[in-house]
Amino acid sequence: MSDLVRRLMVTGGAGFIGSNFARLVLAGDGLEKLVVLDKLTYAGNLANLEDLRADPRFAFVQGDIADGTLVDELASDVQAIINFAAESHVDRSIEAPEAFITTDVYGTYVLLEAARRHGHARFLQVSTDEVYGHVPTGSSRESDPLSPRSPYSASKAGADLLAMAYHVTHGLPVVVTRGANTYGPYQYPEKLIPLFITNAIDDEPLPLYGDGLQQRDWIHVDDHCAAIDLVFRLGEAGSAYNVGAGNHATNIDLTGRLLALLERPASLVRHVADRPGHDRRYALDTSRLTALGWQPQVTLDDGLAATVRWYQQHEAWWRPLKSGEYLEYYRRQYGDRLAAGTVGA
Ligand code: NAD
Ligand code: TYD
């Protein structure tokens, strides 16, 4: 953590990447205070932070990043913000985009205003490679135009650009990270990897969209968090940094690897109707990040094996999540698709 910043607020810290990041920074001794602000939406979970709650440096506040009064009060007591808070699932942004605008765009604006008012030393906006849109060949560089194609990525692009504008206009020391598809422990089981692992454990079908040949650039959450920490400390204000590990895999290839690790048959795969506007490919040029001294530490083989083991050993964490609202969402998202799907290899 930055030598200058001893009091930090992490928003969205009860979610997947934010909770792993909180664990990473509290494992070091650079901070005297870590405030996690999280609304605890369906994706937020205090169980993700259970092991940190006894740490005297740690404080949890349940609240909304779009709540200006609360954010101003919390911002007055810290020196920097790292904004992980977001509605983060593309499929939900297609079904119900409003929360994406209020949290990802308006909420980021509220945080930026508070950081500006209180003269913060740093503001890190956690963005995504999805802001570049579909990348048919080659890899995205930070200077490429943003061309988002889903309500999720459009709302993240809005926040990303707004954060940059606060640097240019107000001199706020903003850095932005544009991370690739991330996987690892504590990921809510609506995203591809934890959904397919937990479904396969239960011998439930794995709904693979379209032809399954879409490509993603996969990064383990520990590598993603280490990169955010590094950019926070060493990144140049006003710059964006791509964060990817160069593990390019098609969804069908990834599904095969998960099934092999879980010793489940390919007949669990269902080819189902594609996601509307589905980006075929993301790929990142990470030379700006590696120039800061970062290298990924986790190979895709090791990371997937460890992640499968984690979900096998933490049923008590994920089983309660696959109930209530989740099951309603699952029925809406997959019910008709699965009924019309075809068994695939
Ligand atoms: P997540 O959905 O697991 O967690 C999001 C967290 O934000 C939850 O704890 C939720 O309760 C909280 N939150 C939502 N709305 C809020 C609000 N209005 N106020 C306060 N808290 C709120 O998401 P994640 O996968 O951990 O992603 C974290 C960040 O990283 C997001 O900004 C996402 O866009 C970005 N990102 C994710 C990935 C990925 O593959 N998961 C890749 C690149 C970037
Ligand atoms: P996801 O984890 O939703 O991340 P993103 O859309 O942000 O990349 O999906 C990863 C890939 O897996 C994406 O190409 C969509 C695909 N996918 C499926 O084929 N089936 C599913 O049920 C889900 C959730 C995703």
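Among the conditions (1) part of a helix (DSSP H, G or I); (2) surrounded by 22 or more Cβ atoms within 10 Å (Cβ to Cβ), the only one that Asp217 does not satisfy is (1). Look at the stretch 261-283: where a residue is of a type in the set (A, V, I, L, M) and a partner is modelled with pLDDT under 95 and surrounded by 14 or more Cβ atoms within 10 Å (Cβ to Cβ), sitting 6+ places away or on another chain with Cβ atoms under 6 Å, you get Val269/Gly344; Val272/Gly341. Of the helices (runs of 4 or more DSSP H) lying entirely inside the stretch 8-108, those containing at least 2 residues that are within 9 Å of ligand 1 (Cβ to nearest atom) are 16-27.
Among the residues of the stretch 252-304, those identified as of a type in the set (Val, Ile, Thr) and away from ligand 2 (no atom under 16 Å from the Cβ) are Thr286, Thr290, Val298, Thr299. Of all the listed residues (Arg275, Arg319, Arg332), the sole one being closer than 25 Å to Val90 by Cβ and assigned to a loop (DSSP other than H, G, I, E, B) is Arg275. Can you say whether Ile94 is surrounded by 22 or more Cβ atoms within 10 Å (Cβ to Cβ), hydrophobic (A, V, I, L, M, F, W, C) and within 20 Å of the chain's Cα centre (by Cα), as far as the supplied structure shows? For Ile94, the condition - surrounded by 22 or more Cβ atoms within 10 Å (Cβ to Cβ), hydrophobic (A, V, I, L, M, F, W, C) and within 20 Å of the chain's Cα centre (by Cα) - is not met. Among the residues of the stretch 316-334, is there at least one that is of a type outside the set (Asp, Glu), over 20 Å from Pro194 (Cα atoms), more than 18 Å from the chain's Cα centre (by Cα) and surrounded by fewer than 18 Cβ atoms within 10 Å (Cβ to Cβ)? Taking every residue of the stretch 316-334 in turn, none turns out to be of a type outside the set (Asp, Glu), over 20 Å from Pro194 (Cα atoms), more than 18 Å from the chain's Cα centre (by Cα) and surrounded by fewer than 18 Cβ atoms within 10 Å (Cβ to Cβ).
Could you list, in sequence order, all residues of the stretch 291-315 that are open to solvent by 40 Å² or more (accessible area, probe 1.4 Å) and either modelled with pLDDT under 95 or closer than 19 Å to Val243 by Cβ (or both)? Scanning the stretch 291-315 gives Ala291, Leu292, Gly293, Gln295, Pro296, Gln297, Thr299, Asp302. Looking at Arg288, Arg257, Arg270, just one residue is part of a strand (DSSP E or B) and either open to solvent by 30 Å² or more (accessible area, probe 1.4 Å) or not polar (S, T, N, Q) (or both), and that residue is Arg270. Please indicate, with yes or no, whether at least one residue in the stretch 60-78 is aliphatic (A, V, I, L, M), within 16 Å of ligand 2 (Cβ to nearest atom) and surrounded by fewer than 23 Cβ atoms within 10 Å (Cβ to Cβ). No: the stretch 60-78 contains no residue that is aliphatic (A, V, I, L, M), within 16 Å of ligand 2 (Cβ to nearest atom) and surrounded by fewer than 23 Cβ atoms within 10 Å (Cβ to Cβ).
The values are calculated or read from the model by the stated rules, or taken from the named source; none is laboratory data. Predicted, not measured: the structure shown is a model, and the values here were computed from it. Ideal geometry is used to build each Cβ from the backbone, glycine not excepted, and the neighbour counts take in all protein chains shown. Just the protein is used for accessible areas: all its heavy atoms, side chains included, with ligands, DNA and RNA removed. Shrake-Rupley method; radii C 1.70, N 1.55, O 1.52, S 1.80 Å.
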